[in-house]
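Beneath this line is the structure, given in C-alpha coordinates, with notes to follow.
The values are calculated or read from the model by the stated rules, or taken from the named source; none is laboratory data. The model shown is predicted, which means the values in this text are computed figures rather than measured ones. Don't worry about glycine lacking a Cβ; one is built from the backbone with ideal geometry, like all the others, and counts go over all protein chains shown. These area figures cover heavy atoms from the full protein model, side chains too; ligands, DNA and RNA do not enter into them. Shrake-Rupley method; radii C 1.70, N 1.55, O 1.52, S 1.80 Å.
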Amino acid sequence: MSIHEFIISIYLIIEEVYLLIVTKPLRTRGFPPALSDIEIITMQIFGEFLSLDSDKNIWMYFKHNWIEWFPQLGSYPNFCKHCANLWNINQQITAKLSSRFGADNIHFMDGLPIPVCRYARAKKHRNFKASAGFSYCAAKQEKYYGFKGHIVINLSGMITNYTFAPANCDERDVAPEITQNIYGLLGADKGYIRPELKQYFRHQYLDLQTPYRRNMVDLRPKESIRILMNARRKIETVIGQLTDRFNTQKVRAKDLWHLTHRIVRKILSHTLSVILNMKLGNPPIQLETLIKS
(Lines give C-alpha, C1' and ligand atoms only; values in the text may rest on other atoms or scores of the structure.)
Protein backbone atom coordinates (compact mmCIF):
# COMPACT_ATOMS: atom_id res chain seq x y z
CA MET A 1 0.00 0.00 0.00
CA SER A 2 1.02 3.63 -0.41
CA ILE A 3 2.12 5.78 2.51
CA HIS A 4 -1.20 7.66 2.31
CA GLU A 5 -3.18 4.42 2.51
CA PHE A 6 -1.04 3.29 5.43
CA ILE A 7 -1.84 6.39 7.50
CA ILE A 8 -5.55 6.21 6.65
CA SER A 9 -5.71 2.49 7.51
CA ILE A 10 -4.04 3.07 10.87
CA TYR A 11 -6.41 5.93 11.64
CA LEU A 12 -9.52 3.89 10.82
CA ILE A 13 -8.44 0.90 12.92
CA ILE A 14 -7.51 3.13 15.87
CA GLU A 15 -10.78 5.04 15.60
CA GLU A 16 -12.87 1.86 15.67
CA VAL A 17 -11.15 0.43 18.75
CA TYR A 18 -10.81 3.80 20.53
CA LEU A 19 -14.57 4.37 20.40
CA LEU A 20 -15.12 0.96 22.00
CA ILE A 21 -12.69 1.71 24.83
CA VAL A 22 -13.38 5.39 25.55
CA THR A 23 -17.10 5.62 26.26
CA LYS A 24 -16.96 8.96 28.11
CA PRO A 25 -14.71 12.03 27.76
CA LEU A 26 -11.22 11.58 29.16
CA ARG A 27 -10.99 15.25 30.13
CA THR A 28 -13.57 16.99 32.30
CA ARG A 29 -11.75 20.32 32.74
CA GLY A 30 -9.98 22.82 30.57
CA PHE A 31 -10.01 23.26 26.83
CA PRO A 32 -9.99 20.14 24.65
CA PRO A 33 -6.74 19.57 22.72
CA ALA A 34 -6.65 20.84 19.14
CA LEU A 35 -5.69 17.40 17.83
CA SER A 36 -7.89 14.45 18.74
CA ASP A 37 -6.54 11.46 20.65
CA ILE A 38 -7.03 9.31 17.55
CA GLU A 39 -4.91 11.68 15.46
CA ILE A 40 -2.14 11.71 18.07
CA ILE A 41 -2.09 7.92 18.36
CA THR A 42 -2.02 7.59 14.56
CA MET A 43 0.98 9.93 14.39
CA GLN A 44 2.81 8.00 17.12
CA ILE A 45 2.20 4.63 15.48
CA PHE A 46 3.25 5.79 12.02
CA GLY A 47 6.32 7.56 13.41
CA GLU A 48 7.42 4.43 15.25
CA PHE A 49 6.98 2.36 12.09
CA LEU A 50 9.32 4.77 10.30
CA SER A 51 11.89 4.36 13.12
CA LEU A 52 11.57 8.04 14.06
CA ASP A 53 11.52 6.84 17.67
CA SER A 54 11.36 10.13 19.65
CA ASP A 55 8.43 12.51 20.12
CA LYS A 56 10.49 15.35 18.69
CA ASN A 57 11.37 13.46 15.51
CA ILE A 58 7.75 12.42 15.01
CA TRP A 59 6.48 15.96 15.61
CA MET A 60 9.01 17.47 13.18
CA TYR A 61 8.22 14.86 10.51
CA PHE A 62 4.50 15.60 10.56
CA LYS A 63 5.08 19.36 10.88
CA HIS A 64 7.19 19.38 7.72
CA ASN A 65 5.41 16.71 5.66
CA TRP A 66 1.78 16.24 6.72
CA ILE A 67 0.61 19.56 8.11
CA GLU A 68 -2.24 19.63 5.55
CA TRP A 69 -3.53 16.36 7.03
CA PHE A 70 -3.03 17.51 10.64
CA PRO A 71 -3.52 21.31 10.44
CA GLN A 72 -4.15 21.62 14.20
CA LEU A 73 -0.71 20.26 15.09
CA GLY A 74 0.53 22.66 17.75
CA SER A 75 3.78 23.08 19.62
CA TYR A 76 6.17 20.27 20.38
CA PRO A 77 5.72 20.46 24.21
CA ASN A 78 1.94 20.08 23.88
CA PHE A 79 2.37 17.21 21.41
CA CYS A 80 4.80 15.47 23.78
CA LYS A 81 2.47 15.78 26.78
CA HIS A 82 -0.51 14.57 24.75
CA CYS A 83 1.44 11.50 23.61
CA ALA A 84 2.55 10.54 27.11
CA ASN A 85 -0.93 10.97 28.60
CA LEU A 86 -2.35 8.40 26.18
CA TRP A 87 -0.12 5.51 27.24
CA ASN A 88 -2.96 3.69 28.99
CA ILE A 89 -5.27 4.09 25.99
CA ASN A 90 -2.50 2.71 23.75
CA GLN A 91 -2.18 -0.25 26.10
CA GLN A 92 -5.92 -0.96 26.00
CA ILE A 93 -6.00 -0.66 22.20
CA THR A 94 -3.12 -3.13 21.93
CA ALA A 95 -4.90 -5.62 24.20
CA LYS A 96 -8.15 -5.27 22.25
CA LEU A 97 -6.43 -5.79 18.88
CA SER A 98 -4.46 -8.78 20.18
CA SER A 99 -7.59 -10.49 21.46
CA ARG A 100 -9.42 -9.83 18.19
CA PHE A 101 -6.73 -10.75 15.65
CA GLY A 102 -4.24 -12.80 17.68
CA ALA A 103 -6.32 -15.81 18.79
CA ASP A 104 -4.21 -18.97 18.36
CA ASN A 105 -3.26 -22.15 20.18
CA ILE A 106 0.45 -22.00 19.36
CA HIS A 107 2.61 -19.38 21.06
CA PHE A 108 6.28 -18.62 21.71
CA MET A 109 7.89 -16.53 24.44
CA ASP A 110 11.30 -14.97 24.89
CA GLY A 111 13.01 -11.89 26.24
CA LEU A 112 15.17 -9.03 25.00
CA PRO A 113 17.60 -6.80 26.90
CA ILE A 114 16.74 -3.14 27.41
CA PRO A 115 19.93 -1.45 28.69
CA VAL A 116 19.49 2.03 30.17
CA CYS A 117 23.16 3.06 29.99
CA ARG A 118 26.61 1.71 29.28
CA TYR A 119 27.74 -0.94 31.74
CA ALA A 120 30.69 1.17 32.89
CA ARG A 121 28.34 4.00 33.90
CA ALA A 122 25.81 1.79 35.70
CA LYS A 123 26.90 2.59 39.27
CA LYS A 124 26.60 6.33 38.62
CA HIS A 125 23.27 6.09 36.78
CA ARG A 126 20.43 7.59 38.84
CA ASN A 127 17.27 7.58 36.73
CA PHE A 128 16.32 3.93 37.31
CA LYS A 129 18.41 3.19 40.37
CA ALA A 130 15.49 1.74 42.33
CA SER A 131 14.16 -0.47 39.55
CA ALA A 132 16.87 -1.52 37.05
CA GLY A 133 19.25 -4.44 37.52
CA PHE A 134 22.33 -6.17 36.13
CA SER A 135 22.26 -9.14 33.77
CA TYR A 136 24.07 -10.82 30.88
CA CYS A 137 23.11 -10.66 27.20
CA ALA A 138 24.04 -13.98 25.57
CA ALA A 139 23.54 -12.63 22.02
CA LYS A 140 26.09 -9.84 22.50
CA GLN A 141 28.11 -11.80 25.07
CA GLU A 142 28.27 -8.86 27.45
CA LYS A 143 26.89 -7.70 30.77
CA TYR A 144 24.39 -4.87 30.83
CA TYR A 145 22.42 -2.73 33.25
CA GLY A 146 18.73 -2.01 32.81
CA PHE A 147 15.60 -4.04 32.13
CA LYS A 148 14.52 -7.07 30.19
CA GLY A 149 11.48 -7.09 27.93
CA HIS A 150 9.36 -10.24 27.89
CA ILE A 151 7.02 -10.97 24.98
CA VAL A 152 4.67 -13.70 23.77
CA ILE A 153 3.79 -14.07 20.09
CA ASN A 154 1.38 -16.34 18.26
CA LEU A 155 2.24 -18.47 15.25
CA SER A 156 1.66 -15.53 12.88
CA GLY A 157 4.17 -13.38 14.76
CA MET A 158 1.71 -11.01 16.46
CA ILE A 159 2.67 -9.97 19.99
CA THR A 160 -0.17 -11.16 22.22
CA ASN A 161 1.28 -10.11 25.58
CA TYR A 162 4.32 -8.35 26.97
CA THR A 163 5.90 -6.76 30.01
CA PHE A 164 9.31 -5.62 31.18
CA ALA A 165 11.10 -6.23 34.45
CA PRO A 166 14.50 -5.56 36.05
CA ALA A 167 17.23 -7.29 34.06
CA ASN A 168 18.15 -9.57 36.97
CA CYS A 169 14.58 -10.88 37.31
CA ASP A 170 14.38 -14.56 36.34
CA GLU A 171 12.40 -14.90 33.11
CA ARG A 172 10.76 -18.06 34.50
CA ASP A 173 9.24 -15.95 37.27
CA VAL A 174 7.82 -13.50 34.73
CA ALA A 175 6.43 -16.19 32.38
CA PRO A 176 3.08 -16.76 34.22
CA GLU A 177 2.30 -13.03 34.00
CA ILE A 178 2.50 -12.86 30.20
CA THR A 179 0.86 -16.22 29.42
CA GLN A 180 -2.55 -15.67 30.96
CA ASN A 181 -5.60 -16.41 28.82
CA ILE A 182 -3.73 -18.54 26.27
CA TYR A 183 -3.75 -22.31 25.83
CA GLY A 184 -2.24 -25.01 23.64
CA LEU A 185 1.44 -25.24 22.74
CA LEU A 186 4.01 -22.82 24.17
CA GLY A 187 7.55 -22.88 22.78
CA ALA A 188 10.52 -21.34 24.56
CA ASP A 189 14.29 -21.66 24.90
CA LYS A 190 16.34 -23.51 27.51
CA GLY A 191 16.19 -20.58 29.90
CA TYR A 192 12.60 -21.49 30.75
CA ILE A 193 13.35 -25.04 31.90
CA ARG A 194 11.88 -25.53 35.36
CA PRO A 195 9.74 -28.53 36.39
CA GLU A 196 7.50 -26.38 38.59
CA LEU A 197 6.84 -23.97 35.72
CA LYS A 198 5.94 -26.81 33.36
CA GLN A 199 3.57 -28.18 35.98
CA TYR A 200 2.00 -24.74 36.45
CA PHE A 201 1.39 -24.41 32.73
CA ARG A 202 -0.10 -27.89 32.60
CA HIS A 203 -2.82 -26.70 34.97
CA GLN A 204 -3.35 -23.72 32.63
CA TYR A 205 -3.81 -26.10 29.68
CA LEU A 206 -0.48 -24.99 28.23
CA ASP A 207 2.13 -27.46 27.00
CA LEU A 208 5.54 -25.84 27.54
CA GLN A 209 8.16 -27.25 25.15
CA THR A 210 11.82 -26.25 25.17
CA PRO A 211 15.09 -27.73 23.91
CA TYR A 212 16.66 -29.96 26.55
CA ARG A 213 20.07 -29.44 28.09
CA ARG A 214 22.87 -31.83 27.15
CA ASN A 215 22.63 -33.73 30.42
CA MET A 216 18.89 -34.37 29.99
CA VAL A 217 17.35 -37.39 28.28
CA ASP A 218 15.08 -36.36 25.41
CA LEU A 219 12.62 -39.03 24.27
CA ARG A 220 10.52 -36.69 22.13
CA PRO A 221 10.38 -37.27 18.35
CA LYS A 222 13.35 -35.41 16.85
CA GLU A 223 11.39 -34.27 13.80
CA SER A 224 8.67 -32.71 15.94
CA ILE A 225 11.23 -30.82 18.00
CA ARG A 226 13.00 -29.64 14.85
CA ILE A 227 9.74 -28.25 13.44
CA LEU A 228 8.96 -26.55 16.75
CA MET A 229 12.38 -24.92 16.99
CA ASN A 230 12.20 -23.73 13.39
CA ALA A 231 8.84 -22.14 14.12
CA ARG A 232 10.30 -20.55 17.26
CA ARG A 233 12.64 -18.52 15.08
CA LYS A 234 9.71 -16.19 14.41
CA ILE A 235 10.06 -14.73 17.87
CA GLU A 236 13.73 -14.03 17.14
CA THR A 237 12.59 -12.16 14.01
CA VAL A 238 10.07 -10.16 16.05
CA ILE A 239 12.69 -9.30 18.66
CA GLY A 240 15.01 -8.21 15.86
CA GLN A 241 12.28 -5.92 14.51
CA LEU A 242 11.63 -4.43 17.95
CA THR A 243 15.34 -3.76 18.28
CA ASP A 244 16.19 -2.51 14.77
CA ARG A 245 13.03 -0.85 13.42
CA PHE A 246 11.36 0.19 16.66
CA ASN A 247 14.54 0.99 18.66
CA THR A 248 13.31 -0.74 21.81
CA GLN A 249 16.82 -0.89 23.24
CA LYS A 250 17.26 2.89 23.09
CA VAL A 251 15.98 4.12 26.43
CA ARG A 252 15.38 7.86 26.05
CA ALA A 253 13.04 8.02 29.05
CA LYS A 254 14.11 9.14 32.50
CA ASP A 255 11.39 7.45 34.55
CA LEU A 256 9.25 4.30 34.46
CA TRP A 257 6.11 6.16 33.36
CA HIS A 258 7.71 7.52 30.20
CA LEU A 259 9.57 4.25 29.57
CA THR A 260 6.25 2.38 29.75
CA HIS A 261 4.73 4.87 27.32
CA ARG A 262 7.57 4.32 24.83
CA ILE A 263 7.45 0.53 24.97
CA VAL A 264 3.63 0.36 24.75
CA ARG A 265 3.43 2.44 21.59
CA LYS A 266 6.22 0.47 19.92
CA ILE A 267 4.34 -2.76 20.63
CA LEU A 268 1.14 -1.18 19.29
CA SER A 269 2.90 -0.04 16.11
CA HIS A 270 4.23 -3.56 15.53
CA THR A 271 0.79 -5.07 16.20
CA LEU A 272 -0.94 -2.76 13.73
CA SER A 273 1.71 -3.45 11.09
CA VAL A 274 1.11 -7.20 11.44
CA ILE A 275 -2.67 -6.70 11.20
CA LEU A 276 -2.34 -4.62 8.02
CA ASN A 277 -0.14 -7.30 6.44
CA MET A 278 -2.74 -9.92 7.33
CA LYS A 279 -5.49 -7.83 5.76
CA LEU A 280 -3.40 -7.45 2.59
CA GLY A 281 -2.63 -11.17 2.43
CA ASN A 282 1.09 -10.59 2.99
CA PRO A 283 3.34 -12.62 5.30
CA PRO A 284 2.42 -11.04 8.67
CA ILE A 285 5.89 -10.11 9.92
CA GLN A 286 7.44 -8.97 6.63
CA LEU A 287 7.12 -5.35 7.69
CA GLU A 288 9.60 -4.01 5.16
CA THR A 289 7.22 -4.75 2.27
CA LEU A 290 4.17 -3.12 3.86
CA ILE A 291 4.64 0.31 2.26
CA LYS A 292 5.44 0.47 -1.42
CA SER A 293 7.18 3.56 -2.74
ask   = Nearest 20 debye, what's the magnitude of the dipole of segment 77-220 about its Cα centre given +1 on Lys and Arg Cβ and -1 on Asp and Glu Cβ?
value = 720
query = Given labels modelled 7 Å from the Cα in the Cβ direction, how far is it in nm from S131 to D173?
reply = 1.7
query = For segment 165-291, what is the Kirkwood estimate of the hydrodynamic radius, computed as the reciprocal of the mean inverse distance between distinct Cα atoms, to one decimal in Å?
reply = 17.1
task = For segment 81-185, just say rounded, prolate or oblate: build the C-alpha gyration tensor, square-root its eigenvalues into a ≥ b ≥ c, call rounded for a/c under 1.5, and beyond that prolate if a/b exceeds b/c, oblate if not.
result = oblate
inquiry  = Considering only protein heavy atoms and a probe of 1.4 Å, how much of the accessible area of segment 10-118 is carbon and sulfur, as a whole percent?
reply    = 55
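Could you compute the FRET efficiency for I227 and N65, with r as their C-beta to C-beta distance and R0 at 35 Å, rounded to 0.05?
On the way: r = 45 Å, r/R0 = 1.29.
The pair I227/N65 has a calculated efficiency of 0.20.
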query = For the chain, what ratio Rg/Rh do Cα atoms give with a Kirkwood hydrodynamic radius?
reply = 0.98
inquiry  = Looking at the chain, identify the longest residue range that excludes and avoids all trypsin sites (Lys or Arg not before Pro) in DSSP loops having at most 16 other Cβ atoms within 10 Å.
reply    = 30-117
query = Alpha carbon centre of segment 141-202 versus segment 212-259: separation in Å?
reply = 9
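Please report the net charge: other residues with Cβ closer than 9 Å to the Cβ of N127, K and R +1, D and E -1.
Charge balance near N127 sits at +2.
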ask   = What accessible area per residue, rounded to a whole number of Å², is obtained for the chain using a probe radius of 1.4 Å?
value = 53
query = Roughly how many nanometres apart are two label points built 7 Å out from the Cα toward the Cβ at L256 and K124?
reply = 2.6
key: Among beta bridges that DSSP assigns inside the chain, antiparallel share in %, nearest 5   = 75
request  = Let me know the charge dipole size of the chain about its Cα centre in debye, to the nearest 20, where only the beta-carbon of Lys, Arg (+1) and Asp, Glu (-1) is charged.
outcome  = 1060
request  = Quick one: work out the % antiparallel among DSSP beta bridges in segment 135-293, nearest 5.
outcome  = 70
